[in-house]
Structures are given as structure tokens and as C-alpha cells.
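Worksheet for the structure shown next.
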Amino acid sequence: MSNCKEKLFSEFKAPTKQEWLDKIQVDLKGADFNKRLVWRTNEGFDVPPFYMREDVLKLKTPDALPGEFPYVRGNKKACNCWYVRQDIVAGDAKAANAKALDLLKRGVDSLGFKIPGDCVSTDFVETLLAGIDCEAVELNFNTCKRHTLELATILADYFDKKGCDKAKVCGSLDWDPMEKIVMKGHDATHILPLAPRIVEELKDYPRFRCVSVNAVALNNSGAYIVQELGYALAWGNEYLNQLVEAGVDVDLAAGKLTFNLGISENFFMEIAKFRAARLLWAEIVKKYEPKNDDSCMMCVNAVTSKYNMTLFDSYVNLLRSQTEAMSAALAGVHSIVVTPFDAVYETPNDFSERLARNQQLLLKEESHFDKVVDPAAGSYFVEELTTSLANEGWKIFLKVEDEGGFLEAIKKGVVQDDINATNAKRHDAAAKRKEFILGTNQFPNFTEKSEGKHPMQCSCSCGKGDGHHHEAAFKAIETTRLAADYEDLRLTVEKSGKAPVAFMLTIGNLAMRQARAQFSCNFLACAGYKVVDNLGFKTVEEGVDAALKAGADIVVLCSSDDEYAEYAVPAFKYLDGRAIFVVAGAPACMDDLKAAGIENFIHVRCNVLETLKEYNAKLGIK
């Protein structure tokens, strides 16, 4: 058998990279290789269609080992286990405790409590944590930033009173005043000096972190992956530097930082992002000369994104969050929060929360994602993505440092301007369907109604309802989900009480009329119009009569480019303004058709959102 294998390998010569390129060029038949096959990412680098071993020989990441500096392959050596976390709004301590105890029976081993600032007290915490083993469950807390120091003291006293092994208590306090500056423009600089005191209260608990970097907020605002990466590093470095400058030991300071990062839908890029983040953070902390390399580990709680979630066809959100959770799990994060599929239009219920939990449990118990450390390691593609993201993220980090650090950058509005520009760019891309939102701007559910669903308003901890009025001292980030514009459009149509009918007048070439009818149905259904497809008509007059009989508000002529010269003008004239007339496509005779009075054309280069808004206006829908 051994001789057979050796003979097999000797008889087949491995093709060189140039041979592959030559073969591809032949198959392209003269088409431009770079335009057809090279992916230009939003992150600022190109991704070729294939990689070979020679491409990764120059990289350093494949030489790294799990659990060792610079931790690109993860913080663990023996397994890839992570905490399954679920967050709880804890306005009522007794109710929140009951829910927490129930969740612990259902597979959750990490709890996140969101406590109103005026509820922080010893009695509240004792009631909240009653019956919970603080050594076996990861405990995370979020409260008003001005009450976090008080909560830290109460928790330290509670753990001491319970006789907890300080080395086993694991969790975090979500204290991040700079999030309020970058997201809301509120001046929270006066709270920043509390950081050393909070760290001091919890210094004896090595696995309990108390200063957070909430870069997930950037992810939920539309930031590209590389922006979230670069700014998160600068954000964390700002806190680390402030703590060290205040006299906190670097090992202690670094060990008290935790990163809450988002997970977007770009599966392989997200795997690479978490790997690159650990690599770069380890290098940053190393410059502070810690005594232990373990201090260079990055602790990441990954949260599935809300930015790409939708109100319509909302079960698609389950597909989005599942692939997102998979990429984070494969990348070796500390813990994961799966956002329930209905979170963008209602307070999640028991059903949606159970599904969110089970999405992680399936990855663990059935797919065994927790068994293998860094399964993506060695993939030429992922290793190259990791290095490319690290390079681009580092550029952003250095740019922020040139501004004087993250705090100075957000005071100047540099970060906010960058994220807002990206958000606007992505919304424009979605409007033109250059960025797809399945079920919203691509393949919408033709018959779905909102059934009273409305987008949820901001429920973040931004100072509203805490008895304090905040004036925006700095620029803020404008947060809008990618699907929000289309949802507003569709909800407007529903509220109007009208149900516009778009009728496909299919005629001529069979293949072209079917393809264009399908395209047009998907295009117009994005606004919630009732679309009526047809098998085909012998004459345009027959088609127009059928359209009017069906109560059509819009008649879409679907045929081939060549046949539009024959069919379009007669159909337009016969319709005689009794409905909006649309030609599906951008035929060579478009100028002639426009000269005849035809105004409306829908095709792949259209701004779908603006076109549908124009049709709404013509239909009297406001």
C-alpha cells in the first residue's frame, strides 16, 4: 500500500500557480480576471479566487499554537468550549432570579443581568443571586455607569460573605463610559476616573472583569468588520493606558478588560476577525511589559448583530444569527449571546429566547464545535484573511493613536463620522440591491403583512429614564438597521389602506419574459405591492385588458430587448394612462421609448428604494 501511494504521488505533478492562472484565463475566454474573479472587500483588500500552500508560507499565523502568545489560535489548549450566555432585564430582582434559575436548567451557563441604577443595593443583589452557584455560573452585570462602583463593592462583599473561591468566580461588569460618548455624544468623561477604583474593588477576583469595550455598538451601527476591529483595539488600549497611568499594575489592568464584539453575516471574515483581534491585542498588551503572557489574552463576548435583522420575513433572522454564532464559536470566543430573532420588533418572548439558546446548544451538543481548538487553522483562505484583516485593522488603530488616542478621536468625532459614512454607504448599497437583505430587498415574501409589528425603539442604556438630562456634547453615531428604509416603505403602503396591484404583461420570447417577470415581481414586492404574474399573452391589447380587469395600478411589460421596440409603444398607448406603465429592462431603444412618453424602467442598475418611493407618490401613498 505504501509503494502504491508513493507511485501515485510521483505520477501526478502538482500544478504551479501560474498553470492554474493560465487554465482560468482560458476558461474566462478573454474576460478580465480581476473584474470577474477577484473580490474587493469592504475591508480594503483583495481576495483572489484560490490560494496555494506557497501563499501561506510567508505568514506567521500558521506557526502559532493554541493557548500560547499571541493567542491567534485561541486562549485554550484542550478544548474550544465557550459560555452560553443569555441576558435578563432585572428590574424586579425576584422575577429575574426565578428566570435565571430556570435558564440554568435549560443549558445556559452565563447570565447577564441588566439592573436599573436606582435598584443597586445589597438586598437587591442578594435576592437576584439567591440559589445561584457563583463558582459554577458566569455572572455579568450592567447598570448605570455612576452606580457601577457601588455594585462592584456589593458584589465583592457578597462573594466574600458566601465564601466563594475567588479564583473560581467568573463574570464581568459592563462599565464603559466611552460607549456613551461615541454612540450618544454624551459627555461621560467625568466618570472615567472611577476605573481604578472599580478595578481595586475586584482585584482579588482574577476571572471577574470590570471594564468593557462595547464595540458591538459599532457593529450594530453598520461598521465594516475592519472598522470594528481597529476601533475596538484603540478603545481597549485607551482604557488600559488610563489604568496604567493611574498606577494600576499592567497585569491587573489587562486582566480586567473584556471586549463585547458583534458578529456580522460574513462567515469566514468573522472567523478571521476574532483571530486577528486576539493577535493584535496580545501585541498591544505586550508593549506594556506585563509579567505574564496570560495577561495578553483577549476576553471576547460575541453578540450576534441586529444591524442585518429584519421585521418582515423575520424567521430569516434565525439563519443569520445561526451562521454568525457558528463563526464566533469556530473562532474560539469566551462567550456568545445569540440575539432572539424577534428582538427588532418586540420584547423577546419565551419562544424566541428558547430558540436563541438552542442555536448555541445545537452547536455544542450536536455539532461538537466545542471539541476542536481552532478548526479553521491551516486553511489557506482563513489564514490569509486573518493576516489581511490584522494589517488593515492595525492601520485604523495607528490612525486613532495619531489623533491622540481613542478618547480624543471620539471627542473630535473622527470615529463617529467614519461609522456614519459607512452606515450611509451601506444603506445606499441596499437601496440599489448591491447589498442583499434576504426577504426584504431580495426575494421578499409576496403575501406577508406586518400584523401590527413595528420596529423597536432604542432600549440602550443611554441615560433615558435615569432622572438625568444629557445634552450632546460631541458627535453621535446614527444607528439605523439596514432594512429599516424598506420596512418604512412597506409599512407606509400597509397603513395607506391601499393594496397596489402590479400586473406582469408577459409577451414574446419565453425565456426573457419569464426572467423579467420574476425580476419585476421581486422588485415591486419589496414595497408590499400585490404582484400578478402571467404565462403570456398573444397581443399587448389582450394583456392590457387582462391587467385592467385585475384592477392593476401598475402594468409591467416583460419581454426581450429586441421585442420592446415592437411591443412597448403600442402597449403604452393602449393603456392610455389608466395605470402606471413600466418596462422591465434597459433596452437599446430606451431613448426612443422615452421620446414616445414612456417614463418608467426597472432594471438591475435601478435604485430600488427610490423607484418604489416614486411609484408610491404617483399612487397617492404617503
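The values are calculated or read from the model by the stated rules, or taken from the named source; none is laboratory data. Keep in mind it's a predicted model, so treat the numbers as computed, not measured. Heads up, the Cβs are rebuilt from the backbone with ideal geometry, glycines too, and the neighbour counts pull from every protein chain shown. Note: areas computed on protein heavy atoms with side chains; ligands, DNA, RNA excluded. Shrake-Rupley method; radii C 1.70, N 1.55, O 1.52, S 1.80 Å.
Using a 1.4 angstrom probe and counting only protein chains, how large is the accessible area of Met309 in Å², to 10?
Met309 exposes around 10 Å² with every protein chain in place.
To the nearest 0.05, what FRET efficiency results for Ala596 and Lys395 with a Förster distance of 45 Å applied to their C-beta separation?
0.25
Of the listed values (i) 42.4; (ii) 34.5; (iii) 30.7, grab the one calculated as mean projected area of the Cα convex hull in nm² from the structure here.
For mean projected area of the Cα convex hull in nm², the calculated option is (ii).
Hey, which lysines would be in cross-link range of Lys495, C-alpha to C-alpha under 21 Å, not counting anything within fewer than 8 residues on its own chain?
Once the sequence-local lysines are set aside, what remains near Lys495 is Lys449, Lys453, Lys530, Lys613, Lys618, Lys622.
Report the antiparallel proportion of the DSSP beta bridges in the chain as a percent, rounded to a multiple of 5.
5 percent
How large is the accessible surface per residue of region 164-314, computed with a 1.4 Å probe and reported in Å² as a whole number?
On the way: 4220 Å² over 151 residues.
Here the residues of region 164-314 average 28 Å² of exposed surface.
From the phi of every residue in region 150-167, what ³J(HN,Hα) in whole Hz does the Karplus formula 6.51 cos²θ - 1.76 cosθ + 1.60 yield, where θ is phi - 60° and glycine or proline is x?
4, 5, 4, 5, 4, 5, 4, 5, 5, 4, 5, 4, 7, x, 5, 6, 4, 6
Going toward the positive end of the dipole of the chain, with +1 on Lys and Arg Cβ and -1 on Asp and Glu Cβ, which of Cys144, Ser305, Leu510 do you reach last?
Of Cys144, Ser305, Leu510, it is Leu510.
Can you compute the charge dipole magnitude of the chain about its Cα centre, using +1 on each Lys and Arg Cβ and -1 on each Asp and Glu Cβ, nothing else charged? Give it in debye, rounded to the nearest 20.
It comes to approximately 640 debye.
Say each of Arg207 and Lys622 gets a label point 7 Å from the Cα, pointing the same way as Cα to Cβ; how far apart are those two points in nm?
6.2 nm
Under a point-charge model restricted to the Cβ atoms of Lys and Arg (+1) and Asp and Glu (-1), what is the dipole moment magnitude of region 5-147 relative to its Cα centre, in debye to the nearest 20? List each step's numbers first, then the result.
Details: 23 positive and 22 negative charges, 111 e Å.
Dipole magnitude for region 5-147 comes out near 540 debye.
Given the whole protein assembly as supplied and a 1.4 Å probe, what does the accessible area of Glu365 come to in Å², nearest 10?
My reading of the accessible area for Glu365 is about 120 Å².
Per residue, what accessible area does region 513-622 have, given a 1.4 Å probe and all protein chains present, in Å²?
Solvent-accessible surface per residue comes out at 47 Å².
Considering only Cα-Cα distances, which of the following residue pairs are longer than 19 Å: Lys99/Lys162; Lys168/Lys286; Lys161/Lys203; Lys434/Lys498; Lys411/Lys475? Spell out each step's value before the answer.
Details: Lys99/Lys162 21 Å; Lys168/Lys286 26 Å; Lys161/Lys203 17 Å; Lys434/Lys498 29 Å; Lys411/Lys475 8 Å.
Over 19 Å apart, Cα to Cα: Lys99/Lys162; Lys168/Lys286; Lys434/Lys498.
What FRET efficiency do you get for Ser496 and Phe12 if R0 is 51 Å and r is their Cβ-Cβ distance, rounded to the nearest 0.05?
Calculated transfer efficiency: 0.15.
Return the aspartates and glutamates within reach of Lys371: Cα separation strictly under 19 angstrom, same-chain partners fewer than 8 residues apart disregarded; answer none if there are no such residues.
Glu68, Asp109, Glu324
Hey, rough spin-label estimate for Tyr380 and Asp417, points 7 angstrom out along Cα→Cβ, what's it come to in nanometres?
4.2 nm
For region 121-235, give the percent of accessible area contributed by carbon and sulfur heavy atoms, probe 1.4 Å, rounded to a whole number.
Carbon with sulfur: 47 percent of the solvent-accessible area.
Using a Förster distance of 60 Å, how high is the FRET efficiency between Phe267 and Lys549, based on the Cβ-Cβ distance and rounded to 0.05?
On the way: r = 48 Å, r/R0 = 0.80.
So, using R0 = 60 Å, E works out to roughly 0.80.
Under 18 Å between alpha carbons, and skipping anything fewer than 8 positions from Lys29 in its own chain: which aspartates and glutamates qualify?
Leaving aside aspartates and glutamates fewer than 8 places away in the same chain, those within reach of Lys29 are Glu19.
Using alpha carbon centroids, what distance separates region 64-107 and region 398-419, in Å?
Cα centres, region 64-107 to region 398-419: 32 Å.
Ignoring any ligand, DNA or RNA, what whole percent of the accessible area of region 473-521 comes from carbon and sulfur when the probe is 1.4 angstrom?
Result for region 473-521: 53 percent of the exposed heavy-atom area is carbon or sulfur.
Asp562 label point, 7 Å along Cα→Cβ, cut-off 17 Å on backbone N: hits in region 588-613?
Residues 588-590 qualify, since their backbone N sits under 17 Å from the label point.
Tell me, in nm to one decimal, what length is gained between Asp157 and Asp428 on full extension, where the rule is 0.36 nm per residue of separation less the Cα-Cα distance?
92.4 nm
Report, by chain and number, residues whose modeled amide H sits under 5 Å from the one on Ile88, excluding near sequence neighbours (fewer than 5 apart, same chain).
The answer is Gly112, Phe113, Lys114.
Report the extension gain between Lys168 and Lys77 in nm, rounded to one decimal, defined as 0.36 nm multiplied by the number of residues separating them, less their alpha carbon distance.
30.9 nm
Quote to one decimal, in nm, the extra length available between Asn445 and Arg40 on full extension: 0.36 nm per residue of separation minus the C-alpha distance between them.
Here the answer is 142.7 nm.
Taking all protein chains in place and a 1.4 Å probe, what share, in percent, of the accessible surface of region 407-454 do carbon and sulfur account for?
Within region 407-454, the accessible surface is 55 percent carbon and sulfur.
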